[in-house]
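A short write-up of the structure that comes next.
The values are calculated or read from the model by the stated rules, or taken from the named source; none is laboratory data. From a predicted model like this one, the values you see are computed outputs, not experimental measurements. Cβ placement follows ideal geometry from the backbone for every residue including glycine, while neighbour counts extend to all protein chains displayed.
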Amino acid sequence: MLQRLTINNIALMDRVEIEFDSGLNILTGETGAGKSIIIDSINAVLGERLSKEQIRSGKEKAAAEAMFLVNDDNLWEMLEKLGIEPEEDGTLIISREFSLNGKNNCRINGKMATVSMLKEIGEKLMDIHGQHDNQSLLHTEKHIELLDSFGGDRIHELKREYSNLLSYYKSLKGRLKSLTGDKNDRERKIDLLKFQIDEIKKAKLNAREEEELNKQRIRLSNSEKITETLSGVYETLFTGSQVQKSALDSIRQAARDLDSISRLDEKFGNISKEVEEISYQLEDAIEKIRRERDQTEYDPGLLEQIEERLDLIYKLKKKYGNTIEEVLNYLERIENELEEIEKNEETVRVLNEELNRTEEELYSKARELNRERRNCSVILEKSIGKELEDLEMKKAQFKVDISFEDGTEGGAERRYLPNGLDRVEFLISLNVGEPLKPLSKIASGGEMSRVMLAIKNILADVDKVPVLVFDEIDVGISGRAAQKVGEKLSSISKSHQVICVTHLAQIACMADNHYLIEKVSDEDSTRTRVKKLHGREIAEEIARILGGASISAITLKHAEEMLENARKK
């Protein structure tokens, strides 16, 4: 619902704020008072074209802001995809500022937005019928959705079944394409997989070998340094030199010296044993050093083999995975893939049979949808035809054109769409002898608005656009037709918020909320103001519409009678 519209410096409006309410909101006023400015401002918020000539004289820029109350979860989901965060109270504020230099500044809930975003959101919020071409019913692709919504549960159930079949059908086609594809591509794929499998298998990889090979390489590359170091340590610990005893001999001598004084104090004997134990441990270490020294030798052939093996592992990892384990996992996958490709002839045969069976079911379900839509279309045509007759368009003929697009001519494959194989378009003929034509071809703004009103009144419960704006809906009508238009607007306002600009008392008296648009002037300027009417003010405005500037007691009484009759209706 549109709660508030704020207009700054657009045409004759310096600053106007209109608080709208639910139900039927009627806007009246003298010709030229500025009613069209309100419609232009709403269009500006919805992303329509703007002209710098619309900026109030003497001002550099103008702006329009609309505050909506949104209860539609689907709309909030769409807004979140556009990066717009929902407010806790459901408020949505859209603003647009434009200047003489042509710059636009658009915001949605304070976040910068583009004009295209305003249009996308605006289509979900409002329908404007009249001189501006923003009607959702003019978009042919939406007609099938409206017809299906009118059809109710039966069509929705058929569409759900069709949708499930379509998803399965597409998955089967995807599997077949991945299994078959181009014959040459398939052969190349087989050759590549065989080469990769052979390359990895020949390597006979072991998950732990790389770490061990790296250790061996380091040792072999430094064998000379290792041997030299071990020999020096061995000499220091065991053999000693001409000028110095070995460490082992020195420790043994220390143990004997301590033992020689153990008779003086038993503590020295204990220490002697500890030192002797150290000598035994050192003997073990010396033996290990000796073995390592004797086993360490430079083997250029072995080093070369290790380098070649590590190089092979590096190349395989570069091609097939970051680790040997990943390479082996890749091997398992491509072996399975090769097996699947080589045995896919039987799989393809089974899948083709399943695809044909599913396609038959899908086609049958599309046929069911077509039959159900045709049944619904007859009821919809009659219902809208009656509405048009009530609106004094007795010669008008409304038609739901449904074409079943089989698409199999010349052996072509059927093109299954989300809604089936049907193409739906609403057509109309306004006069006897005129051919049926698309809604967008209606030339008169007044006729277009009445046709839209008739359609909206029938589809009110299924059409999800919450706000309807009717401009020039009373062009070329009067008397009974005007009264019927007013009644239809009142009826549709029970499920939608309706904003209507009118010059007719029969329509204005049906208002739930009545706003007067008028020009006021002082010595310096002229501006438009908007006033919400109450009580006697409403009757006086209806009387003005009926009798012009001079309001007589008779005209006022007539206006009051019209309002009383409207309240009864």
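A few comments on the model shown:
- Per-region count, the stretch 219-261, residues surrounded by 14 or more Cβ atoms within 10 Å (Cβ to Cβ) and acidic (Asp, Glu): 3
- All told, ALA460 meets the bar of being within 28 Å of LEU75 (Cβ to Cβ), assigned by TED's automatic domain parsing to the domain that holds ASP72, within 28 Å of the chain's Cα centre (by Cα) and in contact (Cβ under 8 Å) with a residue 24 or more places away in the chain.
- Residue in the stretch 274-296 that is among the small types (Gly, Ala, Ser) and over 49 Å from the mean Cα position of the chain (by Cα) present: yes
- Odd one out for ASP463 among (1) buried (at least 18 other Cβ atoms within 10 Å of the Cβ); (2) modelled with pLDDT of 75 or more: (2)
- For the stretch 542-569, residues that are over 16 Å from SER490 (Cβ atoms) and part of a loop (DSSP other than H, G, I, E, B) total 5.
- Residue list for the stretch 387-396, filter: modelled with pLDDT of 85 or more and surrounded by 17 or more Cβ atoms within 10 Å (Cβ to Cβ): GLU387, LEU388, ALA396
- Leading residue by the ranking (surrounded by the fewest Cβ atoms within 10 Å (Cβ to Cβ)) among those in the stretch 397-415 that are modelled with pLDDT of 90 or more and not basic (Lys, Arg): SER403
- In the stretch 463-480, residue farthest from the chain's Cα centre (by Cα) [restricted to those that are more than 23 Å from LEU69 (Cα to Cα) and of a type in the set (Val, Ile, Thr)]: ILE477
- Pairs with Cβ under 6 Å, 6+ apart, first in the stretch 380-400 and assigned by TED's automatic domain parsing to the domain that holds ILE458, second of a type outside the set (S, T, N, Q) and part of a loop (DSSP other than H, G, I, E, B): LEU388/ALA396; LYS395/VAL432; ALA396/LEU430; LYS399/LEU436
To keep it simple, each residue is scored yes or no on (1) free of Cβ contacts under 8 Å to residues at least 24 places away in the same chain; (2) loosely packed, with under 12 Cβ neighbours inside 10 Å; (3) assigned by TED's automatic domain parsing to the domain that holds ASN222.
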site: GLU266; (1), (2), (3): yes, yes, yes
site: ILE271; (1), (2), (3): yes, no, yes
site: GLU277; (1), (2), (3): yes, yes, yes
site: LEU282; (1), (2), (3): no, no, yes
site: ILE286; (1), (2), (3): no, no, yes
site: ARG291; (1), (2), (3): yes, yes, yes
site: THR296; (1), (2), (3): no, no, yes
site: LEU302; (1), (2), (3): no, no, yes
site: ILE306; (1), (2), (3): no, no, yes
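- The stretch 78-93: number of residues that are exposed (fewer than 13 other Cβ atoms within 10 Å of the Cβ) and of a type in the set (A, V, I, L, M, F, W, C): 0
- Residues satisfying the stated conditions in the stretch 168-197, i.e. in contact with a Ser or Thr (Cβ under 9 Å, 6 or more places away or on another chain) and hydroxyl-bearing (Ser, Thr, Tyr): TYR168, TYR169
- Residue selected from the stretch 339-386 under the condition more than 30 Å from GLU487 (Cα to Cα) and hydrophobic (A, V, I, L, M, F, W, C), by the criterion surrounded by the fewest Cβ atoms within 10 Å (Cβ to Cβ): VAL350
- With respect to the conditions (1) in contact (Cβ under 8 Å) with a residue 60 or more places away in the chain; (2) surrounded by fewer than 20 Cβ atoms within 10 Å (Cβ to Cβ); (3) under 43 Å from the mean Cα position of the chain (by Cα), SER493 lacks only one, and its number is (2).
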